[in-house]
Amino acid sequence: MLLVQGITKRFGQKIAVKDVSFEVRPGEIFALIGPNGSGKTTMVKLIAGLLHPTSGDIQIFGRSVTKDPVATKSVVGYIPDEPAVWAAMTGEEFLHFTGALYGVPERERLMRIRKLLTTFRLAGLEQEYFEDYSRGNKQKFAILAALLHKPKLLLIDEPIVGLDPTSAEIAKREFSAFAKRGGAVLLVTHTLPVAEEIAARIGILKEGTLVAIGTMGELRRRARLGPKAPLDAVYRKLAER
Amino acid sequence: MIFGTILRYHLFRTGRYFARHSFARLFTAAMFMLVFFGVGYAVYRFFLNGFMFMSLDTYLREALFLYSSELFLFIVTALVFVSSIISSLLGLFRAERDQWIVASPRFGIVPLYVSARAFASSAWPFFIIALPALFAIRNSFGLSGAGMALSIAAIALLVAFAVLCAVIFLMIVSYALAAIEWILRAPFVRLGWIIAIGSLALVVGGAWVSVRLSSTDVVELFRARTENAAFAGTEAIREKFAVFPSHLAAGVLAAYEAGDPAGAVVPFLRLLCSVLAAGVLLYILSRWYLPVWQKLQEGRFHAEPAVLRDVSDPVRFPRYFTGQTGALFEKEWLTLVRTPRNALWLGFMLLLWMVQAGLNAYIRHSLVKYRVNLEEAVHILEALQVVVAVYFMSAFILRFVFPAFSIERKTAWIVASAPLDLARVYRAKFMFYAIVFLLIGGGVAAMNIAVLDLPLAEAALFFSLIFVAIAFLTALGLAIGALFPNFETDDPEILSTSMPGLGLTVLCLAYGALGAGLLYEVLGGASLVPLAEFLAASLLGICVFAGFPPRSLQRMEFGVDN
């Protein structure tokens, strides 16, 4: 579903991402972890089409993100790490706005918005202005906007930051359910327990390079740790050596 | 001490600005200074010609000088007061970046800090208008060095007084709103009604001021009590302006012009005392700043629990159009009208434009009354209106259209990650702003046509030129903004002073001057061909700039630095 092939991204002299390749399959949650400044957010932005790769290619359903951006973006839902939205818009208007951009018919949009608001316990808050929402509620509206058009690939940058424990549980449950329905999820996070809990495979980025990739078991073996070693131990061994 | 920290911070920011990409930024700064001094020099020449003309008329010399000083300083005071209201409104209670000061034990310094910022941002009219005017007075009326220094100090004090009054006014209104919170909670009270009553009071006040200043015939003003005297009297003028604080600064100037330096001391000291009194009042009000700030953070003065709405009556969006373009259109509209800073700025500029257009009625009335060559004068006014329209449109375009892509720095992820071509976003922005500005510009042009009582053919020509100019400048502003996006800041006022912004300003003003010149020639009986070519070239420019977005738009990267 998502195929990243030899992606490099430079900002002037600085190399943010260097020759990174990986794949995310349908029904799979793939987590990308790594220290601050390792290129995780840049990688997600490259896939979402917010940045252009210096070299390499990204394909979604066999279509290139750079050559056919409209088609590839229509099947992707993107949740940024800082979900800034126009302060003068209400949550409901924002959801309708993004739904309209993705071509969701109004009737269908209304039903889906109602359902998603209820699921994420936002019903009753949707007519407040965005500037009045808490950090967590802004994040939740961004998640709703990403799910609204029923994407096939979810790109999530720090999904749990700012969410209260109950909302974090709901979000994790929804992401897992999304994957079970055949969707693919790319999760970028610092919250290692979340990655360990819901991701089928994990990639570790360090200084823009993918230093390790595999299931928890494969990563443990590579780090030469026992079968019950937690991800943070594996991470320390692989990313900080 | 806290002011020292803030000052160091701004100095550090300025230093860092020039440290990175130093050549490009030095070039930008140099161009800025060039435009700044260029405009200042043009203002100086304009005032010099006017003052020279005045100084030659021994009968009217003193009265005319006093009247123009009074009127000029009154306008400057009003402009500074209103712009300080707009800039301080959000700075006092809604500036997120000042929260660290509010969280500190020195929270009471915020109103003073906001006043200092408003004073600094009001400095440009001082340097670009007041200072050249003073030099022109010096070279036409022979203002002495001491007179020049005291006049500069008086104008600076006047600006400080206007800024302090604006901040005090805002604080008193905010404190009053916070104090009557229980009334606002009452079900029959609507904040909209309070705002409407306040706005009505402002309109009534504005009307009173305009009647006081402009309803009197200028000729009668000078002749009223002095028909047999060797010099025109100044009593009527002094009486008319005595209620305004600008009268004190004008008194300083007038005393030096009349060769009576001692007469400048009293008004200057009165002005100084007014500023000190306003400062003391601000200090006293600052003691209650924190509790009011806390209360106003709640948005509508009280928190309320979420209410489950009837789902059978959902919001429709987009409300007026359909599809992607409709959604983009409505988003632009909402962010324009629901952002107080945008709406206030637009309203203020529109008010100024309306006042300027309204003044034409007064000028035309005087021309008819004193049997001046009406046709020639109306032609000059028509051409001037084109320049004025382009000036206001340039201001609107620089504020809204030029930074339309750059200000999306943080929110760009929404549109940039959606399945739509950025060319569509570009065209939607053009269509939106072109329609809004054509409605505004068309309305004011129609008002001008009615006021100047233009014949049908002239009216059609005038209207066509204004319409084409608005569409062309909107397309040009958007194209330059898209070609040179700047994601380092989302402040449109900073973005408009960037190198491309300054370039756009120069292009707009040159375009307006050329269009006005060609119209004036045609009205004077010259061939229509050059103006027709100008209009045709503008239409072609609209098609090119609006129809073919810059290729770099497709390669635009969002969220590089967030």
Single match in A:156, A:170 (criterion: among the β-branched types (Val, Ile, Thr), more than 14 Å from residue A:30 (Cα to Cα) and under 16 Å from the mean Cα position of the chain (by Cα)):
A:170
All positions within the stretch B:137-179 that are surrounded by 14 or more Cβ atoms within 10 Å (Cβ to Cβ), of a type outside the set (S, T, N, Q) and over 24 Å from residue B:115 (Cα atoms):
B:137, B:138, B:141, B:143, B:147, B:148
I need the full set of residues from the stretch B:285-326 which are in a helix (DSSP H, G or I), under 30 Å from the mean Cα position of the chain (by Cα) and either modelled with pLDDT of 80 or more or within 9 Å of chain A (Cβ to nearest Cβ) (or both), in order please.
B:285, B:286, B:289, B:292, B:293
Which residues, taken from the stretch A:197-207, are surrounded by fewer than 23 Cβ atoms within 10 Å (Cβ to Cβ) and either in contact (Cβ under 8 Å) with a residue 60 or more places away in the chain or farther than 23 Å from residue A:235 by Cα (or both)?
A:198, A:200, A:201, A:206, A:207
With A:72, A:54, A:41 as the choices, which residue is more than 19 Å from residue B:412 (Cα to Cα) and among the hydroxyl-bearing types (Ser, Thr, Tyr)?
A:54
Looking at B:525, B:547, B:501, B:517 in this structure, which one is closer than 19 Å to residue B:387 by Cβ and more than 14 Å from chain A (Cβ to nearest Cβ)?
B:517
Restricting to the stretch A:75-93, and then to whatever is among the hydrophobic types (A, V, I, L, M, F, W, C) and either facing another protein chain (nearest Cβ under 8 Å) or over 21 Å from the mean Cα position of the chain (by Cα) (or both), can you tell me which residue is farthest from residue B:411 (Cα to Cα)?
A:76
Residue B:400 passes all but one of (1) touching a helix residue (DSSP H, G or I) at 6+ places or on another chain (Cβ under 7 Å); (2) of a type in the set (Phe, Trp, Tyr); (3) at the interface with chain A (Cβ under 9 Å from one of its Cβ atoms); which number fails?
(3)
Scan the stretch A:95-108 for residues that are more than 8 Å from chain B (Cβ to nearest Cβ) and farther than 23 Å from residue A:176 by Cβ and jot them down.
A:99, A:104, A:105, A:107, A:108
Which numbered condition in (1) without any contact (Cβ under 8 Å) to a residue 40 or more places away in the chain; (2) aliphatic (A, V, I, L, M); (3) at the interface with chain B (Cβ under 8 Å from one of its Cβ atoms); (4) surrounded by fewer than 21 Cβ atoms within 10 Å (Cβ to Cβ) is the only one that residue A:111 fails?
(3)
Determine whether residue B:478 is modelled with pLDDT under 90 and within 21 Å of the chain's Cα centre (by Cα).
no
Can you tell me which residue within the stretch B:528-543, out of those that are free of Cβ contacts under 8 Å to residues at least 60 places away in the same chain and in contact with a helix residue (DSSP H, G or I) (Cβ under 8 Å, 6 or more places away or on another chain), is surrounded by the most Cβ atoms within 10 Å (Cβ to Cβ)?
B:534
Looking only at the stretch A:154-170, count every residue that is buried (at least 22 other Cβ atoms within 10 Å of the Cβ) and not in a loop (DSSP other than H, G, I, E, B) and tell me the total.
4
Given the structure, is residue B:530 away from chain A (no Cβ under 14 Å) and either among the charged types (D, E, K, R) or within 31 Å of the chain's Cα centre (by Cα) (or both)?
no
State which residue pairs qualify: first residue closer than 15 Å to residue B:399 by Cα and inside the stretch B:325-338, second residue polar (S, T, N, Q) and at pLDDT below 90 in any location, beta carbons under 8 Å apart, and separation of 6 or more residues or different chains.
B:335/B:342; B:336/B:342
Taking the stated definitions as given, is residue A:15 in a strand (DSSP E or B), within 25 Å of residue B:324 (Cβ to Cβ) and more than 13 Å from every other protein chain (Cβ to nearest Cβ)?
no
Within the stretch B:337-356, is even one residue buried (at least 17 other Cβ atoms within 10 Å of the Cβ), closer than 28 Å to residue A:75 by Cβ and either at the interface with chain A (Cβ under 10 Å from one of its Cβ atoms) or not acidic (Asp, Glu) (or both)?
no
Considering each residue of the stretch B:92-125, count those that are of a type outside the set (Gly, Ala, Ser), under 28 Å from residue B:72 (Cα atoms) and modelled with pLDDT under 80, and give that number.
2
Which of the residues spanning the stretch A:114-132 are farther than 19 Å from residue A:177 by Cα, in a helix (DSSP H, G or I) and facing chain B (nearest Cβ under 9 Å)?
A:131, A:132
Scan the stretch B:502-513 for residues that are surrounded by 17 or more Cβ atoms within 10 Å (Cβ to Cβ) and closer than 18 Å to residue B:471 by Cα and jot them down.
B:504, B:505, B:508, B:511, B:512
Please work out if residue B:468 is assigned to a helix (DSSP H, G or I) and modelled with pLDDT under 90.
no
Name the pairs: first residue in the stretch B:27-42 and in a helix (DSSP H, G or I), second residue polar (S, T, N, Q), Cβ to Cβ under 8 Å, at least 6 apart or on different chains?
B:28/B:498; B:32/B:497; B:35/B:505
Any idea which of A:49, A:56, A:27 is closer than 17 Å to residue A:3 by Cβ and over 15 Å from the mean Cα position of the chain (by Cα)?
A:56
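The values are calculated or read from the model by the stated rules, or taken from the named source; none is laboratory data. Just so it is clear, the model here is predicted, and its values are computed rather than measured. Using ideal geometry, Cβ is built from the backbone for each residue, glycine included, and neighbour counts are taken over all protein chains shown.
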